[in-house]
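A quick write-up on the structure given underneath.
Just so it is clear, none of the values below were taken in a lab; they were calculated from the coordinates. These numbers come from a predicted model, not from an experiment. Every residue, glycine among them, receives a Cβ derived from its backbone with ideal geometry; neighbour counts consider all protein chains shown.
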Amino acid sequence: MTATRLLDGLVIAALAIAPVLAPAYLDLGTRIVIVALCALSLDLVVGYCGLVTLGHAAFFGVGAYAAGIFALRASAEPLAGLLVGGAAAALLGVLSGAVLLRSRRLTLIMLSLATVLVVQETANKLGWLTGGADGLQGISMAPVAGLFAFDLFGRVSYVYAAVVLALGFLVFRSLVDSNFGRSLVGIRENEARMRAIGTPVDARLRVAFVIAAAMAGVAGALQAQVAEFVALNALSVDFSSEILIMLILGGAGRRYGAFLGAPVYVVMQDYLAREDPANWYLWIGLLLLAIVFFAPGGLTAWIGALAQRVGGKRL
Amino acid sequence: MLELVDLLVSLTFYGTAYGMVLYLLAVGLSVTLGLMRFINLAHGVFAMTGGYLTVTAMSRLGVPFLVAVLAAVIVVGALGMLLERTLCRRLYKAPILEQVLFSIGLIFVSIALARYFFGPLAQPITLPGWLSGRLDVGIGVFPTYRVFLVGVGALLAVAIWAGIERTRFGASVRAAVDNRGMAESVGINVDRVFMVCFGLGTALAALGGSLGADLLPIYPGYPNDYLVYFLIVVAVAGAGNVGGALAVALAFGIVDTMIRYFLPDFGRVLLFVLVMAVLYRRPHGFAPKIHA
Amino acid sequence: MELRGLSKRFGALDVIRDVSFLLEEGARCALIGPNGAGKTTLINLISGRLAPTSGEIRIGGRNVTAMAEAARVKAGIGRTFQITNLFRRLTVGENVALAVAEHAGVAGRLRPAPRMRARVDARVSEVLATLRLEDERNRRVDVLPYGVQRMVELAIALALEPAVLLLDEPAAGVPADDVAVIFAAIEKLPASMAVLLIEHDIDIVFRFASRVAVLVAGRILVEGTPAEIREHAQVRALYLGESGHA
């Protein structure tokens, strides 16, 4: 148990130290933080509930657009925007969850795809509200909590995003360590048995789903505020796949997957986009196949196994 | 009034042709899901490969259309069996997540290869003379190509039904779906049944991809863009429900065509919401076992 | 627990036909019958895994027929599975803890609470102790021998403290030593708990049951004390045969 607390602390510490170690890469760091938050929320659904979905971008995107539209038309106060983004995504989570969570496996995947496509089409067609294919532009954010204005160097952006991620991690931690989290694992491991011990499976999954949606929505809101722009491809199946890949890279259902996978993926993507952009899909595809056949638990499992051999202790 | 009827008949016909293509694309996936419980989201890759092979054979080698299609189907069927034997088989007992990741990895690699060899644009396909032009089929005059699609689709549906219900192989498939252990103890080589079924499924996908190349253009984004459509057919019909897959594919094709005509703006959204409504009532589709 | 006219039909096959049955508080009843008679199906109907084609199920006078499986557990039904159905990648302790937490109504809590956790753990220890499983607490289920797994299966059901306990061949295929532990635990069950045991071993049936019901081809052929059943001509011919084992 204390090993976990130590590692949790390490994660927070890493978030705090990163800008000191790599001040020139703050923008990259902010991007990593935001997608890590999104991947963390996906971990709840995929890693802990055991539900594979390709529709998570819908929540991120809805959060982004809601926050962006809120900033443009109502108030440019960032914290309020986060709440709006989270709430909008949570609402979508309630609505889509009602349909999605009645099925499993292929049907669930298909419905999640359909959800993203529906939201994407809607955003595309409601151009007067969302800017359509051009994206939502002209957002100008007010200072965070009235005190910290977004600066040109991206310092405030990073700290803002990192604090939100840290808080998100605390929520995640709390959920995962609670009885609720344990019952989610039970549902993942043997849904039928959970019903046979009296668990209201559907209700539990819906709650987890909505919380995950809200968290992804907050991540989307952060993105909108930090970039002061929302692109339509925040609502794409491609983005859903990217988040899933990041999570798998780090290891799903293993607490730290999002924190390992997001930086590795984003850095890899950044590097390859500059050096060899044409073959990005090839490398990622091969990486995925390698993970599936050689390291299905991702980096967390790999590091864990390494640590076990070195230290002889269980993680 | 007569014009409206004519219009509806026309749309229904076009929808049926489109539905037939979807059926060919989806039926292999339905069988794989029902038989091996293997979620192969990369099914579109085989359709796309079939399409590329056909187009290449026709344009680079001057092979006639039907021969090219046949060749593509055979090659992709063989590739499918090879893939099943080497990679897919190892994932049958794996969690869904791994199967999905495998599919995504396969899709990504094939997108990269397609882009590398053929470029990012859609492949132009020149239909042979006997397929261009129009044909009078009694209820109206339609492009020969569409009539061909409807005809081929119907023929294949019958062939698949006969294959499942009337052949020994079909019986082994049904037995393996019902109870793998028992099937093995009666002497059925379930591994071989799986491999052949997978190959047949990919071959049918290649057929759908090649024949349907004019409706669903062949380009690197193919496996991603059209995935949701054949997933819808499989999910609504129910895994392994081959006869249902035909009905759903046709229904979907017709409804989609009508919606595109009458409600071009919010059509796709409406279609998906409709699908969600259907699955809300029946989360498992319409029938879970393989039967024609 | 009371069953009234319970029937289940699969397609053209009547698996359970018009079964009416009363299980009183504190009953120790065994359900026997040839293979394929429908014993497990009956358990599935009672526990809610399957919905009946017709008939009623009542627990403590309450009609639970329309309730889903999870709700019936809350209404007081607990069961074990004939084919071990555990959380294989979790430890024995975690398996039982899930049931304890669910029964205590604290499984939905969204925040970790150390004191409540301690209470759950204490109860887990109690349950494990009745089946002498304390030493296996931190071992993953999938590395355990079959007999121990069957004990975990029973432990989960016991953790639910049900009013009606349905045991589906709890000791089938289990080594003799473990059988003794399992039945010692069953003997110590609260007197108020109604227990329905599906079992093939006649010696166990006679040792445990005060009443026996015989299910044949989906129907209850006869009910009575073990001695009555043993003497019943049809049952002898049909089921008990020569050796006294099914």
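What is the ratio of the Cα radius of gyration of chain B to 2.2 N^0.38 Å, with N the residue count, to two decimals?
1.00
To the nearest 500 deg cm²/dmol, what mean residue ellipticity at 222 nm is calculated for chain C from DSSP H runs of n ≥ 4 alone, each contributing -39,500 (n - 2.57), summed and divided by the residues?
Mean residue ellipticity at 222 nm (helix-derived): -10500 deg cm²/dmol.
How fast does the stretch A:2-235 diffuse by Stokes-Einstein, in µm²/s, taking the Kirkwood radius from C-alpha pairs at 20 °C and 1.002 mPa s?
117
State the volume of the convex hull built on the alpha-carbon positions of the stretch C:1-91, expressed per residue in Å³ and rounded to an integer.
In the stretch C:1-91, the Cα convex hull volume per residue is 132 Å³.
Averaged over every viewing direction, what's the projected area of the C-alpha convex hull for the stretch A:11-51? Give it in nm², one decimal, please.
3.0
Based on the alpha-carbon gyration tensor of the stretch B:25-81 and its eigenvalue square roots a ≥ b ≥ c, which shape applies: rounded if a/c is under 1.5, prolate if not and a/b is larger than b/c, or oblate?
Prolate is the answer for the stretch B:25-81, as a/c is 1.5 or above and a/b outweighs b/c.
Mind checking the stretch B:203-274 for chymotrypsin sites (Phe, Trp or Tyr not before Pro) that DSSP puts in a loop (not H, G, I, E or B) and that have at most 14 other Cβ atoms within 10 Å?
Here the sparse-neighbourhood loop sites are B:Phe266.
Would you please state which residues of the stretch B:1-30 a label at B:Ile139 would reach in this model, taking the label point 7 Å out along Cα→Cβ and a backbone N cut-off of under 17 Å?
Only B:2-21 fall inside the zone, counting backbone N under 17 Å.
So what is the orientation-averaged projected area of the stretch C:89-161, using the convex hull of its C-alpha atoms, in nm²?
Computed as one quarter of the Cα hull surface, the answer is 4.6 nm².
Would you mind finding the longest exposed-site-free stretch of chain C, with exposed GluC sites (Glu not before Pro) meaning DSSP loop and at most 11 other Cβ atoms within 10 Å?
C:25-241
Just from its helices, what would the mean residue ellipticity at 222 nm be for chain B, if runs of 4 or more DSSP H residues each count -39500 (n - 2.57) and the sum is divided by every residue, rounded to the nearest 500 deg cm²/dmol?
-24500 deg cm²/dmol
With runs of 4+ DSSP H residues as the only contributors, calculate the mean residue ellipticity of chain A at 222 nm using -39,500 (n - 2.57) per run, divided by the residue total and rounded to the nearest 500.
The helix-only estimate for chain A comes to -24500 deg cm²/dmol at 222 nm.
Sticking with the crude label model, points 7 Å out along Cα→Cβ, report the distance from B:Arg192 to C:Ala217 in nm, one decimal please.
If labels sit at B:Arg192 and C:Ala217, their model points lie 4.1 nm apart.
Mark the label point 7 Å from the Cα of B:Ala94 along Cα→Cβ and return the residues of the stretch A:264-289 whose backbone N is within less than 14 Å of it.
Once the point is set 7 Å along Cα→Cβ of B:Ala94, A:285-289 turn out to lie under 14 Å by backbone N, inside the stretch A:264-289.
Testing the spin-label approximation: label points 7 Å from Cα along Cα→Cβ at C:Ala66 and A:Arg274. State their distance in nm.
In this crude label model, C:Ala66 to A:Arg274 measures out at 6.6 nm.
If you look at just the Cα atoms of the stretch A:138-285, how large are its Rg and its Dmax in Å?
In Å, with Rg to one decimal and Dmax whole: 18.5, 57.
Could you please state, rounded to a whole Å, how far the C-alpha centre of the stretch B:254-284 is from the C-alpha centre of the stretch B:128-206?
26
The stretch C:1-59 to the stretch A:124-159: how many Å between their Cα centroids?
The distance from the Cα centre of the stretch C:1-59 to that of the stretch A:124-159 comes to 63 Å.
For chain A, with the dipole built from +1 on Lys and Arg beta-carbon atoms and -1 on Asp and Glu ones, taken about the Cα centre, which of A:Gly181, A:Ile17, A:Val207 lies farthest toward the positive end?
Towards the positive end, the residue furthest out is A:Gly181.
Under unit Cβ charges (Lys, Arg +1; Asp, Glu -1), what dipole magnitude, rounded to 20 debye, does the stretch B:148-292 have relative to its Cα centre?
340
If you take the Cα Rg of the protein assembly as shown and divide it by 2.2 N^0.38 Å, with N the number of residues, what do you get?
1.05
Can you pull the Rg over Rh of the stretch B:90-160, Cα-only, Kirkwood?
1.21
Evaluate the stretch B:138-292: find the radius of gyration of its Cα atoms, find its Kirkwood radius, and give the ratio Rg to Rh.
Reported Rg/Rh, Kirkwood definition of Rh: 1.01.
Which one of C:Cys29, A:Pro143, C:Gly108 has its Cα pushed farthest toward the positive end of the charge dipole of the protein assembly as shown, where Lys and Arg give +1 and Asp and Glu give -1 at the Cβ?
The one lying farthest along the dipole's positive direction is C:Cys29.
If you build the convex hull over the alpha carbons only and average its shadow over all orientations, what do you get for chain C? Give it in nm² to one decimal.
For the Cα atoms of chain C, the hull's average projected area reads 13.8 nm².
Applying the Karplus parametrisation 6.51 cos²θ - 1.76 cosθ + 1.60 with θ = phi - 60° to the phi angles of the stretch B:189-198, what ³J(HN,Hα) value in whole Hz is obtained for each residue in order, glycine and proline being reported as x?
Here the 3J(HN,Hα) series is 7, 4, 4, 5, 4, 4, 4, 5, 4, 4 Hz.
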